[in-house]
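Quick notes on the structure that follows.
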Amino acid sequence: MTVRSSRGRAVGALVVGALAACSLAACTPSAPDDQTTGVDVQRYQDLAADPWLAATSLTVGRYAFGTNRQFEPGTGRGTRTTTGTLAQVLAAETTSAAREGWVVAAARCGDGSGSGWPVTIELVRALSDGAVAVGEVRVEQDQSGAQQPEGEDAAARALPRRVLVAAYAPHHTNRANLDVPDEPVEFDALECLGGPGGASVGPSDLLAQVQGVDEATR
């Protein structure tokens, strides 16, 4: 009887100690059993099969370990190099994407600092289960390594350019209500492409929505 009581006190002390340590370390709950389901796998396969995306890096939607009930979307990424003006390259990419069901939904210019990306195009596409994925196209200014002549606009010159494409399929817990527009958003009037249309067009939160966490799952 005394031995059992000692063991009981020892187990209790261990539990209390573990709870205290967990509280101090802001412990993360264990990953839920449904961290990845057949839904996530199918969306991953949709991205993997997309010939425009031509992804060389793919990740299935999953629980983000080390976080508090957050989930990562399925992702696909690819790169390629082509030659043309910035407008020509973007037009070719969006035309190719449209053949696979992608629709341009938003675009925005960079900050004009010369670093980063001069323009970002965002597209949306319905997946096989009706969920909407968000794609992104970014084009580097110049891959030639040549010095830009003073006074010339690199965006308007036909140059070798590296194109980065990415797509995000919402995790099955994400209830983002994204729609595919009937018509693509016109982006060629953006000021960074030489037009008078300002620095952005379309919604600014597409990526945030598809990458977000559904509050109902917390």
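The values are calculated or read from the model by the stated rules, or taken from the named source; none is laboratory data. Not measured: the values here are computed from a predicted model. Cβ coordinates were reconstructed from backbone atoms using ideal geometry, including for glycine residues, and neighbour counts include every protein chain displayed. To get the accessible areas, we keep the full protein, side chains included, count just its heavy atoms, and leave off ligands, DNA and RNA. Shrake-Rupley method; radii C 1.70, N 1.55, O 1.52, S 1.80 Å.
Mind telling me which of the residues Ala49, Ala92, Ala54 ends up being surrounded by fewer than 16 Cβ atoms within 10 Å (Cβ to Cβ), at pLDDT 95 or above and closer than 21 Å to Arg157 by Cβ? Answer to the check: Ala92. Restricting the search to the range 201-212, which residues are of a type outside the set (A, V, I, L, M, F, W, C) and crowded, with 17+ Cβ neighbours inside 10 Å? The answer is Gly202, Gln209, Gln211, Gly212. Within the range 70-87, is there a residue that is among the aliphatic types (A, V, I, L, M), under 25 Å from Ala107 (Cβ atoms) and touching a residue at least 12 places away in the same chain (Cβ under 8 Å)? Checked against the condition, which is being among the aliphatic types (A, V, I, L, M), under 25 Å from Ala107 (Cβ atoms) and touching a residue at least 12 places away in the same chain (Cβ under 8 Å), the range 70-87 yields at least one hit. Looking across the range 71-87, the residues that are within 15 Å of Tyr168 (Cα to Cα) and either surrounded by fewer than 19 Cβ atoms within 10 Å (Cβ to Cβ) or charged (D, E, K, R) (or both) come down to Glu72, Arg77, Gly78. Go through Pro196, Pro184, Pro160, Pro170 for me and flag whichever is at pLDDT 95 or above, open to solvent by 40 Å² or more (accessible area, probe 1.4 Å) and not small (Gly, Ala, Ser). Going through Pro196, Pro184, Pro160, Pro170 in turn, the sole match is Pro184.
Name the residues in the range 164-213 that are touching a residue at least 12 places away in the same chain (Cβ under 8 Å), part of a helix (DSSP H, G or I), closer than 25 Å to Gln35 by Cα and among the hydrophobic types (A, V, I, L, M, F, W, C), would you? Within the range 164-213, Leu206, Leu207, Val210 meet the criteria.
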